[in-house]
Amino acid sequence: MSAANTPAAPPLRLEPVTAENFDAVCAIQVRPDQTHLVSPVVKSLAEAYVHTAAWPRAIVDGDEVVGFIMAFLDIAWDPATDPADHRSGIWRLNIQAGHQGKGYGRFAIHAACEEIRARGTDEVYVSWHTGQGSPEPFYLGLGFRPTGEYAGDQRVAVLRLNAPAGTP
């Protein structure tokens, strides 16, 4: 197949982190005022290496890596308290500083939620730091609702994927 006949990649998509995109993924930097709110991508990739429940993905627009998302899939949330409580959700979201506010984060969250739904789960969890610069308004705007729980110093929220509109 010639280059002219090669199908173009979808413009906006999630891709596995590979040897080919590793450097671009690791180069993702959030705005300086956000660095205290989210770990660097390289730490996330190290965590993904040691936690088999991690689902790391590059957020790609055309040929450009614009962000990183990592979900967690079917983990025992607090096995000492409730061994049957298994959850899936969003672990990390890093959007390149110059690409924020363009819908990439919203796209990535929706795509990760669809992956989690396809695996048979109807709730997606996320946690965030509160205070100045918190991503709380972003997640609330996507429909996540606080559970009243905290994971360390982070507020925990849930999005019910199959709930009728307006259900808390």
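The values are calculated or read from the model by the stated rules, or taken from the named source; none is laboratory data. Since this is a predicted model, take the numbers as computed values, not measurements. In this analysis, Cβ positions are derived from the backbone assuming ideal geometry, glycine residues included, and neighbour counts consider all displayed protein chains. The accessibility values were calculated without ligands, DNA or RNA, using every heavy atom of the protein model including side chains. Shrake-Rupley method; radii C 1.70, N 1.55, O 1.52, S 1.80 Å.
How many residues, within the stretch 40-56, are within 23 Å of PRO10 (Cβ to Cβ) and surrounded by fewer than 22 Cβ atoms within 10 Å (Cβ to Cβ)?
Of the residues in the stretch 40-56, the ones within 23 Å of PRO10 (Cβ to Cβ) are 41, 55-56.
Within this subset, residues satisfying the condition of being surrounded by fewer than 22 Cβ atoms within 10 Å (Cβ to Cβ) are 55-56.
Count: 2.
Report, by residue number, each residue of the stretch 33-48 that is among the aliphatic types (A, V, I, L, M) and in a helix (DSSP H, G or I).
Going through the stretch 33-48, the residues among the aliphatic types (A, V, I, L, M) turn out to be 37-38, 41-42, 45-46, 48.
Answer for the stretch 33-48, where residues must be among the aliphatic types (A, V, I, L, M) and in a helix (DSSP H, G or I): VAL41, VAL42, LEU45, ALA46, ALA48.
For the stretch 19-34, which residues satisfy the criterion of being among the polar types (S, T, N, Q), open to solvent by less than 90 Å² (accessible area, probe 1.4 Å) and under 16 Å from the mean Cα position of the chain (by Cα)? Quick ask: steps written out before the conclusion?
To start, the set of residues in the stretch 19-34 that are among the polar types (S, T, N, Q) comprises 21, 29, 34.
Okay, now just the ones that are also open to solvent by less than 90 Å² (accessible area, probe 1.4 Å), so 21, 34.
Once the filter is applied, which keeps residues that are among the polar types (S, T, N, Q), open to solvent by less than 90 Å² (accessible area, probe 1.4 Å) and under 16 Å from the mean Cα position of the chain (by Cα), the stretch 19-34 yields only GLN34.
Among the candidates LEU37, LEU14, which residue alone is open to solvent by 30 Å² or more (accessible area, probe 1.4 Å) and touching a Phe, Trp or Tyr at 6+ places or on another chain (Cβ under 8 Å)? Spell out how you get there, then give the answer.
Working: LEU14 fails: touching a Phe, Trp or Tyr at 6+ places or on another chain (Cβ under 8 Å).
Selected residue: LEU37, the only one of LEU37, LEU14 that is open to solvent by 30 Å² or more (accessible area, probe 1.4 Å) and touching a Phe, Trp or Tyr at 6+ places or on another chain (Cβ under 8 Å).
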Next item on the list: Could you give me the residue pairs with C-beta distances under 7 Å whose first residue belongs to the stretch 116-130 and is closer than 20 Å to ASP78 by Cα, whose second residue is at pLDDT below 95 and open to solvent by 50 Å² or more (accessible area, probe 1.4 Å) wherever it lies, and which are 6+ apart or on separate chains?
Entry: ASP122/ASN162; HIS129/ASP153
Item checked: Of all residues in the stretch 77-124 being of a type in the set (Gly, Ala, Ser) and in contact with a Pro (Cβ under 9 Å, 6 or more places away or on another chain), the one that is surrounded by the most Cβ atoms within 10 Å (Cβ to Cβ) -> GLY105
Notebook entry, point to check: Can you spot a residue in the stretch 132-145 that is closer than 24 Å to HIS36 by Cα, open to solvent by less than 40 Å² (accessible area, probe 1.4 Å), modelled with pLDDT under 95 and in contact with a strand residue (DSSP E or B) (Cβ under 9 Å, 6 or more places away or on another chain)?
Noted result: yes
